[in-house]
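Input: a single structure, listed below in structure tokens.
Read-outs: derived from the displayed coordinates by stated rules, not from any lab. As the structure is a prediction and not an experimental result, all values here were calculated from the model. Note that each Cβ is placed from the backbone with ideal geometry, even for glycine, and that neighbours are counted across all protein chains shown.
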């Protein structure tokens, strides 16, 4: 009987330890998954900043929009990429040059206080001015 009690106690202890270990692992996996949800946009922005691109801080992201604070210092360049439909509210204006995939360019003048809706397009931007240009971008998904 003592032998059965010892085996039972051993199994009970092993089961409890397994349950706690599993719970801890599941909690770690859940935390990693939550971090991974937010990582793509933020990691992409950090990579862009390392290349001499604009400073972009994601303020809000969900399944419908990404709201970002965008700051272009003089000489900053944003990579050529496809950008979704979006709204831009300019906080501090300036002069930018837009580059298109076909080689065409366009000078863009932004004025503080203006709000503009822009359709999906592919392009790159560069701050040609002598001051920082600052806006809030609302990208639609």
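Out of contact with any helix residue (DSSP H, G or I) (no Cβ under 9 Å at 6 or more places or on another chain) and surrounded by 13 or more Cβ atoms within 10 Å (Cβ to Cβ), is that true of residue 61? So residue 61 does not fit the description; no. Which residues, taken from segment 91-105, are surrounded by 11 or more Cβ atoms within 10 Å (Cβ to Cβ) and over 18 Å from residue 69 (Cα atoms)? Within segment 91-105, 97, 98, 99, 100, 101, 105 meet the criteria. Inspection of segment 64-77 identifies at least one residue that is in contact with a helix residue (DSSP H, G or I) (Cβ under 7 Å, 6 or more places away or on another chain), touching a residue at least 12 places away in the same chain (Cβ under 8 Å) and surrounded by 15 or more Cβ atoms within 10 Å (Cβ to Cβ).
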